[in-house]
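The values are calculated or read from the model by the stated rules, or taken from the named source; none is laboratory data. Quick caveat, the model's predicted, so the values are computed rather than measured. Because the Cβ atoms are built from the backbone with ideal geometry, glycine has one as well, and the counts that use them run over all protein chains shown.
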Amino acid sequence: MPGAVTAVSPPPGTVTPSCRPRRGREEVLAAATALFHERGHDATSMSDIADRLGVTKAALYRHVRGRAEVLREVTGPVRARLRSLPAVSAAGGGRSPVTELAELLDALARAAAADPVRHAVFWGVGGPPSPDAADAECRASVAGRLVRLLTRAADRGETRCDLDPSITARLLMGAVVGTAVGTAVGTATGAEGEVPAAGGSPSVVDILLDGLLRPGR
């Protein structure tokens, strides 16, 4: 019929805007978390995240404003968990600083084992750590707690006094988090908060304290 408009069907397999899968914010963050862990934050673009989800980059921006926001959201649960780590008592509080140190490191290991991929992104296990300013501040806070405990322990003669507390703190964090993350990623984990049965994170804490810090033992 003259003037009639014939509807043309798209080629088979074509994804039109109306049928493009809709992805929520949580799906975006889940895809970004996996990619940050696999490739590193710096090597992951918004286009990579969109490709992983099977959507356009424009569709991605309906849920997030950019990569910096995505990274902060991905590592947010890590910051929250680290803020709940055991507090360090003031000097002279009566408790052994080595005991407090062991408790803090054990809690750090358990936190990393409970959410290993996000912790790997946050701490930089296998790559550079998250460059987010809030993440850097949080890491510095944890290191500061360890430095205070190590200094007190050395002053009380409970640990070696020839070790720089700031260097030792970084070594302890790297060893404990790296072991917990590596074990949890490489094995099937249980419920959140559980340390994998095959993981030796708590025993790693004991080994570090016994072999590295305590003189004459």
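On the basis of being over 28 Å from ALA169 (Cα atoms), of a type outside the set (Phe, Trp, Tyr) and modelled with pLDDT under 95, does ALA59 make the cut? Yes, satisfied.
Note on the range 154-181: among residues that are of a type in the set (Gly, Ala, Ser) and modelled with pLDDT of 90 or more, the one that is farthest from LEU105 (Cα to Cα) is SER166. For the range 7-28, the count of residues that are among the small types (Gly, Ala, Ser), at pLDDT 90 or above and outside any helix (DSSP H, G or I) is zero.
One line per residue, one yes/no per condition, for (1) without any contact (Cβ under 8 Å) to a residue 12 or more places away in the chain; (2) of a type in the set (Val, Ile, Thr); (3) in the same structural domain as GLU100 (by TED's automatic domain parsing); (4) touching a Cys at 6+ places or on another chain (Cβ under 8 Å):
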residue: CYS138; (1), (2), (3), (4): no, no, yes, no
residue: LEU149; (1), (2), (3), (4): no, no, yes, no
residue: ALA154; (1), (2), (3), (4): yes, no, yes, yes
residue: GLY157; (1), (2), (3), (4): yes, no, yes, no
residue: ARG170; (1), (2), (3), (4): no, no, yes, no
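Might you check whether a residue that is in contact with a Gly (Cβ under 9 Å, 6 or more places away or on another chain) and of a type in the set (Gly, Ala, Ser) occurs anywhere in the range 128-142? So far as the range 128-142 goes, yes, one or more of its residues are in contact with a Gly (Cβ under 9 Å, 6 or more places away or on another chain) and of a type in the set (Gly, Ala, Ser).
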